[in-house]
Amino acid sequence: MPATDSLPRAADNDPPLRGGRARAVRLRTERFGSIVYVPERDHFYALDREHTIALSRLGTGRPVPAYDRDLVVAMASAGICRTDPPTPQRAFYGRSLLGSFAGGIPPVRKPMVVNCFATAQCPLRCGYCHADDLMASYREEERPEWLDEVIRVAAATPAMVGVVTGGEPLARPDNAERLLTALARDKAVVLDTSGVGDLRRLVPTLRRHDAHVRFSLDSAQASVNDRLRPIHRRSLPPGSGSFRAATDGIRLAVSEGLACSVQTVVTARNCDPAGLAELRDRLLSAGVRTWALHVVVPAGKAARNARGLLVGDDAVTTLTGLVAETAAQRLPIDIRVTSTHRAPNSTVLISARGELAIQQPEGGGKEIAPVPRIMARRSVLRHFRRFVDPGGHASRYLNGTLDLYPAAGPGVTAVLPAAAAV
Ligand code: SF4
């Protein structure tokens, strides 16, 4: 049964439907169909061939043919296309697949996302910092010209989305602005931030490039969040904390009309269902419509000194339950759950010095590789195919962790409750 069987179907007497691709949506053709990225929701979807062809037929001004109508309504509900008359967007609670994918999450041959360091500086000292090994030894030597190398290697990386990260990008706002602008030449862009710094300065650049802003927030309780994400006291005035910075940042982004979401690292300290539900409800009241939950990865600082933070597949069970409960209540928030602890070598990073950096699978450090000037793209792809777990990479971004979602039986890959409009 294809995913779209769970969507509302068109009636015979429905008015003619017209449509086109939604604003700023990116599409990449794949053997199985295509992958699309919706910046407004920071959401990837894999489309089978049938959906891909239906999407390609939009935008001619002609009415959507009857045989495409259900597919187009499904894609409009997911934010991929727009229709006239309008189709409301709906929250998406399952694996991000539209159509039939008999083998589950499809493998990808090219990166979907590349995470680019704007700086190795960060005012926070999170106990689980995945990138700590790419910051500590780089901070002292960091030089402005390193960013040219980051931009060059990112341009050679055929990813659909470029994430401006670090370190904390707001610690070097000039770098963040330059990197956002450079990445936006051929990618959708995301700013990863704790909110600590002058986000307001970046608003015009973010708006110009339809960027998505992703805030890190680990708990609805300031005390829990600030213990997990302590601020280096030299960096900020007394009384401020990472909870306050993130919530102020979310408020600013929502009031400025910027697309934004929240990501939460799930550790032994914040993995209780009641606390996570409290955070979800707080995000809903703040106007956040996308939430990514990452099970802590034993990499970087968490690999060396976990201090009771690590959790395993028990956490996945808790998160799957949270998603099922959210879907049962039809709450208007997309939830993505990642299980990168199962395959730590699932992400692609570019260090502040412009090296390619890929986490080793078994608790080691990162594979670090300079990228040559000649045949740079070929070199990046060779590293991607050699060191990155392709299934883990696709699963991380296509919500593959939710394959045990109770409403999704074999072959059913997405569930969009009819009543939950985003
Ligand atoms: S904000 Fe990010 S980069 Fe900075 S310490 Fe925390 S996890 Fe690491």
*Of the residues in the range 329-362, how many are over 30 Å from Q89 (Cβ atoms) and either in contact with a helix residue (DSSP H, G or I) (Cβ under 6 Å, 6 or more places away or on another chain) or surrounded by 18 or more Cβ atoms within 10 Å (Cβ to Cβ) (or both)?*
16
*Give me the pairs: first residue in the range 175-194 and assigned to a helix (DSSP H, G or I), second residue hydroxyl-bearing (S, T, Y) and within 16 Å of the ligand (Cβ to nearest atom), beta-carbon distance under 7 Å, and six or more apart or on different chains, which are they?*
N175/T119
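For every residue, the table says whether it meets (1) away from the ligand (no atom under 16 Å from the Cβ); (2) more than 20 Å from the chain's Cα centre (by Cα); (3) not in a loop (DSSP other than H, G, I, E, B).
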residue: A102; (1), (2), (3): yes, yes, no
residue: C122; (1), (2), (3): no, yes, no
residue: S137; (1), (2), (3): no, yes, no
residue: P158; (1), (2), (3): yes, no, no
residue: V163; (1), (2), (3): no, no, yes
*Find all pairs meeting these conditions: Cβ atoms under 9 angstrom apart; at least six residues apart or on different chains; first residue within the range 63-76 and crowded, with 22+ Cβ neighbours inside 10 Å; second residue aromatic (F, W, Y).*
M75/Y45
_Among the residues of the range 80-89, are any buried (at least 24 other Cβ atoms within 10 Å of the Cβ), modelled with pLDDT of 95 or more and under 20 Å from W291 (Cα atoms)?_
yes
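Quick grid of which residues meet (1) in contact (Cβ under 8 Å) with a residue 12 or more places away in the chain; (2) within 30 Å of C260 (Cβ to Cβ):
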{"site": "R330", "(1), (2)": "yes, yes"}
{"site": "S339", "(1), (2)": "yes, yes"}
{"site": "P344", "(1), (2)": "yes, yes"}
{"site": "V348", "(1), (2)": "yes, yes"}
{"site": "S351", "(1), (2)": "yes, yes"}
{"site": "L356", "(1), (2)": "yes, yes"}
{"site": "I374", "(1), (2)": "no, no"}
{"site": "F387", "(1), (2)": "yes, no"}
*Selected residue (criterion: farthest from the ligand (Cβ to nearest atom)) from residues of the range 165-174 that are out of contact with any Asp or Glu (no Cβ under 8 Å at 6 or more places or on another chain) and part of a helix (DSSP H, G or I)*: D174
*Restricting attention to the range 187-197, does a residue exist that is within 16 Å of the ligand (Cβ to nearest atom), in the same structural domain as R282 (by TED's automatic domain parsing) and more than 25 Å from V295 (Cβ to Cβ)?*
yes
*Restricting to the range 34-62, what's the tally of residues that are assigned to a helix (DSSP H, G or I) and either in the same structural domain as T290 (by TED's automatic domain parsing) or touching a residue at least 40 places away in the same chain (Cβ under 8 Å) (or both)?*
6
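Yes/no matrix, rows are residues, columns are (1) touching a Lys or Arg at 6+ places or on another chain (Cβ under 8 Å); (2) polar (S, T, N, Q); (3) assigned by TED's automatic domain parsing to the domain that holds G94:
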| site | (1), (2), (3) |
| --- | --- |
| D218 | yes, no, no |
| R234 | no, no, no |
| R251 | no, no, no |
| S255 | no, yes, no |
| V265 | no, no, no |
| G287 | no, no, no |
*What residue, among those in the range 124-135 that are buried (at least 22 other Cβ atoms within 10 Å of the Cβ) and assigned to a loop (DSSP other than H, G, I, E, B), is nearest to the ligand (Cβ to nearest atom)?*
C126
*With the checklist (1) more than 12 Å from the ligand (Cβ to nearest atom); (2) over 23 Å from G249 (Cβ atoms) in hand, flag the one item P204 doesn't pass.*
(2)
*Kindly provide the set of residues from the range 105-120 that are outside any loop (DSSP other than H, G, I, E, B) and among the aliphatic types (A, V, I, L, M), ordered by number.*
V113, V114
_Consider the range 336-385. How many of its residues are among the β-branched types (V, I, T), in a loop (DSSP other than H, G, I, E, B) and at pLDDT 90 or above?_
4
*asked:* Would you confirm, using the coordinates I've provided, whether D314 is acidic (D, E) and more than 18 Å from the chain's Cα centre (by Cα)?
replied: yes
*Within the set of pairs 6+ apart or on separate chains, which have a first residue in the range 289-304 that is over 12 Å from H130 (Cα atoms), a second that is among the aliphatic types (A, V, I, L, M) and assigned to a helix (DSSP H, G or I), and C-beta atoms under 8 Å apart?*
W291/L283; L293/L276; L293/L319; L293/L322
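The values are calculated or read from the model by the stated rules, or taken from the named source; none is laboratory data. Just so we're clear, the structure is a prediction, and the values are computed from it rather than from any experiment. Because the Cβ atoms are built from the backbone with ideal geometry, glycine has one as well, and the counts that use them run over all protein chains shown.
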